Amino acid sequence: MKTENLQQELQPLREQLRNHPLYAQLESVSDIKTFMESHVYAVWDFMSLLKALQQHLTCVGLPWHPEKDTSVARFINEIVLEEESDFNEKGEAKSHFEMYLDAMQEVHADTEKVLAIISSFTDLETISAKIEATELDQAEKNFLQFTFEVINSQQPHLIAAAFTFGREDLIPDMFLGIIEQSGEHGASKYKKLEYYLKRHIELDGDEHGPLALRMIKALCGSDDQKWNDVLEYSKQALHYRIELWDSIAEKLKENKGNLVNAL
């Protein structure tokens, strides 16, 4: 299977995600707040996928040895640099997860819950049981469970599949439009969120997508079983992302219903 065939097979699910009804429900900063309180778990677990790939595709042990594909190693290391220790709007070194938390606080979203939950995750052996014991809704649990099931497989091609597909490429542009229309001084009022979104757009431009596909090609080679595995796990990644979007859409619907009833 070629990467072109893989993308063609995944296109219906990617279109379903791209045209999800959730986007039409995001109309205000209050909606962004609700979205971020669920989406933050996808921001956090992305880092575990990334660090798993770094362990498999770059040399992090001693003594050091050169990797077979240094272009893939460079790609992973560049993303780690950007995601784990980028500069925020003040020029301070912060991870994108921490920048996301700062943006959440700016829109008065709850960050205590996610910090309490992830602080309870201490190792890969017990994380599945600990996820299940949280107060997260089922879609959030399923999303995290899938991520760590893939990581625990110790199969780089599966981790690369979950890492590459199911991203929310519409969200940054949409959020920027909402905050710019959120009243007087809208954009300047949410500087941390605006910076995070623009940085996200900048980094996830034309370069990362093709390099991620090259990574998958390098990991699968001519092994048909690995290509089939990547297709199956990519479909699952997209399904769990869609399920998470369904859950957030339902929360937004409930919030607006409660607001109408209160009037």
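Relative to the longest principal axis of the Cα atoms of the chain, the long axis of helix 171-180 lies at roughly 30 degrees. Rounded to the nearest whole Hz, the Karplus-based 3J(HN,Hα) values (6.51 cos²θ - 1.76 cosθ + 1.60, θ = phi - 60°) of the stretch 23-31 follow the sequence 4, 6, 8, 7, 10, 8, 5, 4, 5, with x at glycine and proline. What the Cβ-Cβ distance of S128 and Q225 gives, at R0 = 22 Å and to the nearest 0.05, is a FRET efficiency of 0.30.
The residues of the stretch 1-88 expose, per residue, 52 Å² of accessible area to a 1.4 Å probe.
For a quick check of your reading of the filter: which GluC sites (Glu not before Pro) in the stretch 103-141 sit in a DSSP loop and have no more than 12 other Cβ atoms within 10 Å? Working shown, then result.
Values: sites: E106, E112, E125, E132, E135, E140; in loops: E125, E135.
Qualifying residues, ordered by number: E125, E135.
Annotation: amide H-H contacts under 5 Å for K94 (H modelled 1.01 Å from N, sequence separation of 5 or more, or interchain): D86, F87, N88. Working from Cα pairs under 8 Å separated by at least six residues, relative contact order for the chain is 31 percent. Once the C-beta distance of N5 and D204 is scaled by a Förster radius of 22 Å, the resulting FRET efficiency is 0.40 to the nearest 0.05. Restricting the stretch 40-81 to trypsin sites (Lys or Arg not before Pro) that sit in a DSSP loop and have at most 16 other Cβ atoms within 10 Å of their own Cβ leaves K68.
Share of the chain's accessible area from carbon and sulfur, percent, 1.4 Å?
Numbers: 6790 of 13530 Å².
Carbon and sulfur together cover 50 percent of it.
Given a Förster radius of 30 Å and the C-beta distance between Q154 and E112 as r, what FRET efficiency does 1/(1 + (r/R0)^6) yield to the nearest 0.05? If you can, show how the numbers build up before the last one.
On the way: r = 33 Å, r/R0 = 1.11.
The formula returns an efficiency of 0.35 here.
By the Cα gyration tensor, the stretch 67-147 has an equivalent ellipsoid whose semi-axes, rounded to whole angstrom, run 27, 22, 10 from largest to smallest. Neighbours of K90 by Cβ distance under 15 Å: Lys/Arg scored +1, Asp/Glu scored -1, total -2.
Taking a straight line from the alpha carbon of K251, these lysines sit under 27 Å away, with near neighbours fewer than eight places off in the same chain left out: K33, K113, K130, K141, K189, K191, K192, K198, K235. Here the Debye sum runs over all C-alpha atoms of the stretch 18-88 as equal scatterers in vacuum, and log10 of I(q)/I(0) at q = 0.11 Å⁻¹ comes out as -0.45.
The values are calculated or read from the model by the stated rules, or taken from the named source; none is laboratory data. Here the structure is a predicted model, which means the values were calculated and not measured. Here the Cβ is made from the backbone with ideal geometry for all residues, glycine too, and neighbour counts use every protein chain on show. Note: areas computed on protein heavy atoms with side chains; ligands, DNA, RNA excluded. Shrake-Rupley method; radii C 1.70, N 1.55, O 1.52, S 1.80 Å.
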